[in-house]
Structure formats: C-alpha cells, structure tokens
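The values are calculated or read from the model by the stated rules, or taken from the named source; none is laboratory data. All figures in this text were calculated on a predicted structure; none of them were measured in a lab. A quick note on method: Cβ atoms are made from the backbone with ideal geometry, for glycine too, and the neighbour counts reach across all protein chains shown.
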C-alpha cells in the first residue's frame with residue numbers, strides 16, 4: 001500500500017470542532033509536524049476534510 005506524508009502547515013484556531021478533531025486523529029498537533037500514514041480510503045478522506053490546513057506528498 002502506498003504511503004503519504006501529511007504535514008500541518010496552518011493553525012487550527014478559529015476552525016470547527018470537527019476539523020480540530022480530524023487533525024488530532026491524524027496525529028498532527030504542532031505546525032510543521034509531519035506524520036506518515038498508509039494511503040487508505042479513511043485517511044485520504046480525513047486529509048481531504050482538512051486539505052486547507054495540511055500539505056500532502058506521496059512517498060514510496
């Protein structure tokens with residue numbers, strides 16, 4: 001399965017509670033933090049919900 005790197009690039013201040021919880025479930029707490037996940041449909045769905053707060057790149 002493919003891997004993706006998700007990096008938090010913007011703050012979650014003034015965002016909805018669901019967006020804050022999505023970032024927390026992805027494992028992102030601080031700006032600049034990078035987490036590697038499998039590219040499963042559930043992870044990709046969470047990333048799409050907070051795409052304006054994170055950057056995503058594929059890894060091998």
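Looking only at the range 3-35, which residues are under 16 Å from residue 57 (Cβ atoms), surrounded by 11 or more Cβ atoms within 10 Å (Cβ to Cβ) and over 9 Å from the mean Cα position of the chain (by Cα)? The answer is 3, 4, 9, 33. Comparison of 4, 35 shows that the only residue that is in a strand (DSSP E or B), at pLDDT 95 or above and in contact with a helix residue (DSSP H, G or I) (Cβ under 7 Å, 6 or more places away or on another chain) is 35.
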